[in-house]
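The values are calculated or read from the model by the stated rules, or taken from the named source; none is laboratory data. None of these values were measured; they are calculated from a predicted model. Ideal geometry is used to build each Cβ from the backbone, glycine not excepted, and the neighbour counts take in all protein chains shown.
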């Protein structure tokens, strides 16, 4: 009787949208749920919280306890408890406080996710996430990659959206009820806030590999790629990087982490592994930022954005390109920037404050260049490392457009998916996230395509058509992000 009553309460309290906290939609049968795009923007959730599921993924939208902190680097733990069959007799029996109803309810928890989990040292939390699966008699630790778990945004936010891969969690491969409880815990375990949701899973059916082909670049425009190559990895393992460049076929590459290399090193790599059209380049041999292109560079160079820290002086690579088409006589200036902001730290940390200071410096540098080229477009791409606050992105974008509007972040969904991931490392305690961004002046140049590439997600035929191999994207921990632009005027 207790079991039936508990499940009945869960389903009754959930209402149409399957959550006792807030309805997910207005339940109008003529308004089907929007397709979830995992980008950290909850407009496709009608700016509310809850669960969505399709044939092979489960999505969760939930509130943060303290929006000033990114939840993987917080002073509180976010605990996600998933009862994959909404059955208290399976999994690990746990009680939780349904705060909105002021009563205790029970779950049979099959999967627990801790974000900013407690460390072994009393009174401390760790960054990243820990996952455990449960049966009635045992608990097993797994990695985030074992569950296909990640969430966005990577920076601080009032709400987050997360994803779990049903194909990797056998207990999610059923059609029927599921309940999820999300608790925010203070250091020491005191519960600060609770949210609870239920829904019904649709029939499980794993989706086939993605057959999406890489689109051809526009004949009347440009293709720009930004990519972090992980400590000059192309020098040690050139083939995957060469195949990716051949497949994407960019006009401009904005590089990060060509560390401890010279212009001669990078140019030599291109000459040996690609064609000889890559004639123009700007390389920072210490900081690793670079611009490589076959377009004429009107002017360019390196601009320091922060003084030396323990490892290096940090600069941006800046170039004014002539993007005019063959036959045109008048130059068409386009300002491009490759950046790599300070890594690590949470919102308000010393690292975050350095990113903010670097962002102010970048904006000032480009404002000065804008005065010289008032009609030029602007593209600023690279590794923004937004693991604390979002402020650096907004500061850089501020008032740089041709009409004094802010630059626009382009959406870079992983090709063939609905997720805007750009960084992934299965061995890291941190879940995949969005560290890499491209800002554009869309009043000067119009983005018509934008995406990132993960070769592991493509079908064999798509790989063959593109001349790629399945593990090419694992040659570095960042995915290349791409935007196609055409002149707006």
Looking at the range 359-389, which of its residues are in a helix (DSSP H, G or I) and in contact (Cβ under 8 Å) with a residue 12 or more places away in the chain? 359, 360, 361, 362, 363, 365, 366, 367, 369, 370
Of the conditions (1) under 22 Å from the mean Cα position of the chain (by Cα); (2) surrounded by fewer than 16 Cβ atoms within 10 Å (Cβ to Cβ), the single one that residue 467 does not satisfy is (1)
Among the residues of the range 402-420, count how many are in contact with a helix residue (DSSP H, G or I) (Cβ under 8 Å, 6 or more places away or on another chain) and part of a loop (DSSP other than H, G, I, E, B). 5
Does the range 390-401 contain at least one residue that is in a loop (DSSP other than H, G, I, E, B) and in contact with a strand residue (DSSP E or B) (Cβ under 9 Å, 6 or more places away or on another chain)? yes
I need a count of the residues in the range 41-96 that are assigned to a helix (DSSP H, G or I) and without any contact (Cβ under 8 Å) to a residue 60 or more places away in the chain. 2
So how many residues does the range 338-348 have that are buried (at least 18 other Cβ atoms within 10 Å of the Cβ) and either more than 16 Å from residue 319 (Cβ to Cβ) or out of contact with any helix residue (DSSP H, G or I) (no Cβ under 7 Å at 6 or more places or on another chain) (or both)? 7
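Okay, residues lined up against (1) modelled with pLDDT of 95 or more; (2) surrounded by fewer than 23 Cβ atoms within 10 Å (Cβ to Cβ); (3) more than 30 Å from residue 438 (Cβ to Cβ); (4) assigned by TED's automatic domain parsing to the domain that holds residue 85:
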site	(1), (2), (3), (4)
189	no, yes, yes, yes
193	no, yes, yes, yes
207	no, yes, no, no
210	no, yes, no, no
226	yes, no, no, no
234	yes, no, no, no
Positions within the range 108-152 being closer than 23 Å to residue 48 by Cα and out of contact with any strand residue (DSSP E or B) (no Cβ under 7 Å at 6 or more places or on another chain), in sequence order: none
Test result for residue 240, crowded, with 16+ Cβ neighbours inside 10 Å and part of a loop (DSSP other than H, G, I, E, B): no
